[in-house]
């Protein structure tokens, strides 16, 4: 850490005062450029600064290195953008809280850049974390999984991935809203938490943001920040990426540390990036991946973490064999595939062919029908959740609510209905079912083994081997896209594919949300065997660069923040 001299400290306090004042009185306003831009294009009316709606990590680093703006400017601009749309205007409720230390961190990082240069490509880049990823309480933020039961609790340490981000020089901007306890509480709408309320999609008013990493997805989609982290147990990075027009990487279980992450299951939980481009996601994954003695699953990964940016090759699909496991995503129980999605997927297959790949269609998972009927995942998750969540509560240094176990949590929610059980959000069936389990018995281990058989040995790996494939390809929004990879612990890399047409029939996704809806995005997912992220990143990048699908539509107008860097520099 570089210490600030008295003059720098005075300036920092002045900047913070000006920012906070402007947030309250709404004076920070900019003009969004209406012309389309790519992540490498500067828009004229932004006075040479990158458009924060699309700004990439490399674009921001270029400006920071050149001294056109600072990380303090970035934090200030992002704070203002969040203020515009989070609780005001469209009230997207994507961000749960901001880091009161972020401006101080940014000033120190700026000073370090001047003295010794940047530590990494994330030096000085603000990042939002899903609120199940721990940060030390002394920094001024909570780690609550969206629940009032954990408000003002004190965690013993930063999460393992947060330690890596800090070492890389990244700035923790705040915490993103999420489906409470990573959507394991019960049958509640995606993106709802007691603390944060209902997160909504920025592409259509009140549209479903999907997955428990909903706030991370919405925040990245409209440039409330450039980089976000989410977690996935089954679909919670892949689905927010799908519905928020993003590039997301759900890593192999054990590639990124789960130490310091409020758990669902050690056998399926994984931490990964949600960004606006595969390039940014690859940069982030290269930094957060690696072994961590506090998470023994990471000790099984390859000794050398790849530089995933080296996979960014437009010719990555040349000569590759990509399989389409249609029996999975055409499951009759899967209602997520509108004809417009299927049509876009067929077009994507033609694009994949044009990029030099052979498409093997179909290339079904031998276990597809068994996966659709299996209840083994629920058995495993119920047992894991109770054991691991109890361990989380017990490890806290302090928890003012008095909750020290899953059983206590159920009682707390019932005792605080105004906080945790408002109308339409009372369900705790997931908690109750998990609390009723009796530990890791023979049935649990049999279910765990059967999951691995269905998802990996007789699932993804079998399809890859039988058809001599390099990867599998599926529409990202199909529920059965996620399950095989989830129970196998295997990776998924998702990129934008298209948008629902204006005439799509609007459906209900919960008491406060709708889906599908006009203009809401949908994505494309590449799946592979364990630790195949390098190849999947390359395939996704080649497709992304060929189609530039993300850039074909922006969010609805009132959900687009107006503040740009030019509005905060020198003011």
Scanning the range 37-70 residue by residue, those at pLDDT 95 or above and either in a loop (DSSP other than H, G, I, E, B) or more than 20 Å from residue 170 (Cα to Cα) (or both) turn out to be 49, 50, 51, 52, 53, 54, 55, 56, 67, 68, 69, 70
Would it be correct to say that residue 328 is closer than 30 Å to residue 258 by Cβ, at pLDDT below 95 and either touching a helix residue (DSSP H, G or I) at 6+ places or on another chain (Cβ under 9 Å) or assigned to a helix (DSSP H, G or I) (or both)?
yes
Does any residue of the range 448-458 turn out to be in contact with a helix residue (DSSP H, G or I) (Cβ under 7 Å, 6 or more places away or on another chain), surrounded by fewer than 20 Cβ atoms within 10 Å (Cβ to Cβ), within 16 Å of residue 384 (Cα to Cα) and without any contact (Cβ under 8 Å) to a residue 60 or more places away in the chain?
yes
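Over 26 Å from residue 521 (Cα atoms), part of a helix (DSSP H, G or I) and in contact with a helix residue (DSSP H, G or I) (Cβ under 9 Å, 6 or more places away or on another chain): is that true of residue 305 in this structure? Can you show your working first?
Working: over 26 Å from residue 521 (Cα atoms): yes; part of a helix (DSSP H, G or I): no; in contact with a helix residue (DSSP H, G or I) (Cβ under 9 Å, 6 or more places away or on another chain): yes.
The answer is no for residue 305.
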Looking at residue 227 and the list (1) in contact with a helix residue (DSSP H, G or I) (Cβ under 6 Å, 6 or more places away or on another chain); (2) free of Cβ contacts under 8 Å to residues at least 60 places away in the same chain, which single condition is not satisfied?
(2)
Check residue 544 against each of (1) in a loop (DSSP other than H, G, I, E, B); (2) touching a helix residue (DSSP H, G or I) at 6+ places or on another chain (Cβ under 6 Å) and name the one condition it does not meet.
(1)
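Restricting to the range 186-198, name every residue that is within 13 Å of residue 420 (Cα to Cα) and in contact with a strand residue (DSSP E or B) (Cβ under 9 Å, 6 or more places away or on another chain).
Across the range 186-198, the qualifying residues are 192, 193, 195, 196, 198.
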Scan the range 446-465 and tell me whether some residue there is in a helix (DSSP H, G or I), touching a strand residue (DSSP E or B) at 6+ places or on another chain (Cβ under 7 Å) and modelled with pLDDT under 95.
no
Per the list (1) farther than 21 Å from residue 228 by Cα; (2) within 16 Å of the chain's Cα centre (by Cα), residue check on residue 88 breaks on (2)
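Quick one: in the range 405-418, which of the residues that are in a helix (DSSP H, G or I) and over 28 Å from the mean Cα position of the chain (by Cα) is surrounded by the most Cβ atoms within 10 Å (Cβ to Cβ)?
Looking only at the range 405-418, we keep the residues that are in a helix (DSSP H, G or I), and these are 406-415, 417-418.
Subset that is over 28 Å from the mean Cα position of the chain (by Cα): 407-408, 411-412, 414-415, 417-418.
Details: 407: 14, 408: 16, 411: 14, 412: 18, 414: 12, 415: 10, 417: 12, 418: 8.
Filtering the range 405-418 for residues that are in a helix (DSSP H, G or I) and over 28 Å from the mean Cα position of the chain (by Cα), the one surrounded by the most Cβ atoms within 10 Å (Cβ to Cβ) comes out as 412.
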Exclusive hit being under 27 Å from residue 197 (Cβ atoms) and within 19 Å of the chain's Cα centre (by Cα), set 540, 517, 476, 485
476
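Tally time: how many residues in the range 240-262 are assigned to a helix (DSSP H, G or I) and over 21 Å from residue 204 (Cα atoms)? Let's see the steps before the verdict.
Initially, the range 240-262 is screened for residues assigned to a helix (DSSP H, G or I), giving 240-243.
Going one step further and asking which of them are over 21 Å from residue 204 (Cα atoms), we end up with none.
Qualifying residue count, the range 240-262: 0.
Can you name the residue in the range 341-358 that is touching a strand residue (DSSP E or B) at 6+ places or on another chain (Cβ under 7 Å) and in contact (Cβ under 8 Å) with a residue 40 or more places away in the chain and, of all such residues, is nearest to residue 466 (Cα to Cα)? Walk me through how you get there before you give the answer.
Going residue by residue through the range 341-358, those that are touching a strand residue (DSSP E or B) at 6+ places or on another chain (Cβ under 7 Å) are 341, 344-345, 348-349, 352-353, 357-358.
Then keep just the ones that are in contact (Cβ under 8 Å) with a residue 40 or more places away in the chain; that gives 341, 344-345, 348-349, 352, 357.
On the way: 341: 27, 344: 27, 345: 23, 348: 23, 349: 20, 352: 20, 357: 17 Å.
Among residues in the range 341-358 that are touching a strand residue (DSSP E or B) at 6+ places or on another chain (Cβ under 7 Å) and in contact (Cβ under 8 Å) with a residue 40 or more places away in the chain, the one nearest to residue 466 (Cα to Cα) is 357.
Over 20 Å from residue 169 (Cα atoms) and either part of a helix (DSSP H, G or I) or within 22 Å of the chain's Cα centre (by Cα) (or both): does that describe residue 135? Write out each step before concluding.
Working: over 20 Å from residue 169 (Cα atoms): no; either part of a helix (DSSP H, G or I) or within 22 Å of the chain's Cα centre (by Cα) (or both): yes.
So residue 135 does not fit the description; no.
One line per residue, one yes/no per condition, for (1) free of Cβ contacts under 8 Å to residues at least 60 places away in the same chain; (2) part of a loop (DSSP other than H, G, I, E, B); (3) touching a strand residue (DSSP E or B) at 6+ places or on another chain (Cβ under 7 Å); (4) within 30 Å of residue 452 (Cβ to Cβ):
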| position | (1), (2), (3), (4) |
| --- | --- |
| 365 | no, yes, no, yes |
| 382 | yes, no, no, yes |
| 392 | no, no, no, yes |
| 400 | no, yes, no, no |
| 403 | no, yes, no, no |
The range 557-571, residues that are under 21 Å from the mean Cα position of the chain (by Cα) and either surrounded by fewer than 22 Cβ atoms within 10 Å (Cβ to Cβ) or within 14 Å of residue 357 (Cβ to Cβ) (or both)
560
Give just the number: which of (1) buried (at least 22 other Cβ atoms within 10 Å of the Cβ); (2) touching a strand residue (DSSP E or B) at 6+ places or on another chain (Cβ under 8 Å); (3) modelled with pLDDT under 95 does residue 371 not satisfy?
(2)
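Give the residue, chosen from 230, 186, that is in a loop (DSSP other than H, G, I, E, B), modelled with pLDDT of 95 or more and within 28 Å of residue 399 (Cβ to Cβ).
On the way: 230 fails: in a loop (DSSP other than H, G, I, E, B).
Of the residues listed, the single one that is in a loop (DSSP other than H, G, I, E, B), modelled with pLDDT of 95 or more and within 28 Å of residue 399 (Cβ to Cβ) is 186.
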Looking only at the range 175-187, filter to residues that are surrounded by 21 or more Cβ atoms within 10 Å (Cβ to Cβ) and touching a helix residue (DSSP H, G or I) at 6+ places or on another chain (Cβ under 7 Å); which one of those is farthest from residue 408 (Cα to Cα)?
176
Quick check on residue 477: is it at positive phi and either modelled with pLDDT under 95 or assigned to a loop (DSSP other than H, G, I, E, B) (or both)?
no
Would you say residue 74 is within 26 Å of the chain's Cα centre (by Cα), farther than 25 Å from residue 213 by Cβ, in a helix (DSSP H, G or I) and at pLDDT 50 or above?
no
Residue 522 passes all but one of the listed conditions (1) in a loop (DSSP other than H, G, I, E, B); (2) closer than 20 Å to residue 189 by Cβ; (3) in contact with a helix residue (DSSP H, G or I) (Cβ under 7 Å, 6 or more places away or on another chain); (4) at pLDDT 95 or above; the exception is number (1)
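Among the residues of the range 419-444, which ones are in a helix (DSSP H, G or I), in contact with a helix residue (DSSP H, G or I) (Cβ under 9 Å, 6 or more places away or on another chain) and surrounded by fewer than 20 Cβ atoms within 10 Å (Cβ to Cβ)? Walk me through it before giving the result.
As a first pass, look at the range 419-444 and keep what is in a helix (DSSP H, G or I): 419-420, 429-435, 442-444.
Applying the additional criterion that residues be in contact with a helix residue (DSSP H, G or I) (Cβ under 9 Å, 6 or more places away or on another chain) yields 419-420, 430-435, 443-444.
If the condition is that a residue be in a helix (DSSP H, G or I), in contact with a helix residue (DSSP H, G or I) (Cβ under 9 Å, 6 or more places away or on another chain) and surrounded by fewer than 20 Cβ atoms within 10 Å (Cβ to Cβ), then 419, 432, 433, 435, 443, 444 are the ones that fit.
The values are calculated or read from the model by the stated rules, or taken from the named source; none is laboratory data. Predicted, not measured: the structure shown is a model, and the values here were computed from it. Glycine also receives a Cβ, built like all others from the backbone with ideal geometry; neighbour counts cover every protein chain displayed.
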